[in-house]
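Participant: Following this message is one structure expressed as structure tokens.
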Amino acid sequence: MKRKLFTLVCFLTILFMQFVFVGQAEAKKWTVTQRVEKLSAEIDEGRKANELTVKQVDQLKGMISSIKEKMAKMKEKNGDKLSVPDTKKLHDDMTEISVKMLRMRLDNVYSD
């Protein structure tokens with residue numbers, strides 16, 4: 001009896017964990033366009049909160065502009081759609097910008 005109960009509890013735990021992790025993974029899927037917009041909004045927030053200087057905002061916005069240009073070229077080559085490798089490259093570029101922005105914000109806040 002104890003063994004059956006233990007097996008049932010293990011099964012229910014595994015089943016529950018699958019739903020928890022699947023829900024989290026799907027919640028984090030962003031399109032390239034959504035992520036570009038989100039990064040732009042975060043840059044603006046950093047400026048409003050005085051966590052980024054005007055020079056840093058200009059630099060980050062320039063990087064966002066270059067990603068938009070890359071995305072337009074990539075879409076142009078592939079019938080107005082992004083291929084999977086192109087999407088990965090753009091996400092990698094945006095991750096780089098995101099890390100750089102976070103580093104700048106933290107440096108400005110905690111450098112005093």
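Participant: Taking T31 and the conditions (1) under 17 Å from R103 (Cα atoms); (2) hydroxyl-bearing (S, T, Y); (3) within 16 Å of the chain's Cα centre (by Cα), which numbered condition does it fall short on, given that it satisfies the others?
Facilitator: (1)
Participant: Limited to segment 14-49, what total is found for residues that are at pLDDT 70 or above and either in contact with a His (Cβ under 6 Å, 6 or more places away or on another chain) or of a type in the set (V, I, T) (or both)? Talk me through it step by step, then tell me what you get.
Facilitator: Narrowing segment 14-49 to residues at pLDDT 70 or above: 14, 29-49.
Now restrict to residues that are either in contact with a His (Cβ under 6 Å, 6 or more places away or on another chain) or of a type in the set (V, I, T) (or both): 14, 31-33, 36, 43.
Residues in segment 14-49 being at pLDDT 70 or above and either in contact with a His (Cβ under 6 Å, 6 or more places away or on another chain) or of a type in the set (V, I, T) (or both): 6 in total.
Participant: Mind listing whichever residues of segment 77-112 are hydrophobic (A, V, I, L, M, F, W, C), loosely packed, with under 12 Cβ neighbours inside 10 Å and farther than 17 Å from M63 by Cβ?
Facilitator: Residues of segment 77-112 that are hydrophobic (A, V, I, L, M, F, W, C), as a first pass: 82, 84, 90, 94, 97, 99, 101-102, 104, 106, 109.
From the residues that got through so far, the ones that are loosely packed, with under 12 Cβ neighbours inside 10 Å too are 84, 99, 106.
Matches in segment 77-112: V84, L106.
Participant: Now a separate question. Taking segment 82-104 on its own, how many of its residues are over 15 Å from Q34 (Cα atoms) and either of a type in the set (K, R) or more than 15 Å from the chain's Cα centre (by Cα) (or both)?
Facilitator: Residues that pass the stated criteria total 8.
The values are calculated or read from the model by the stated rules, or taken from the named source; none is laboratory data. Given the structure is predicted, the values throughout are model-derived calculations rather than measurements. Cβ: placed from backbone, ideal geometry, glycine included. Neighbour counts: every protein chain shown.
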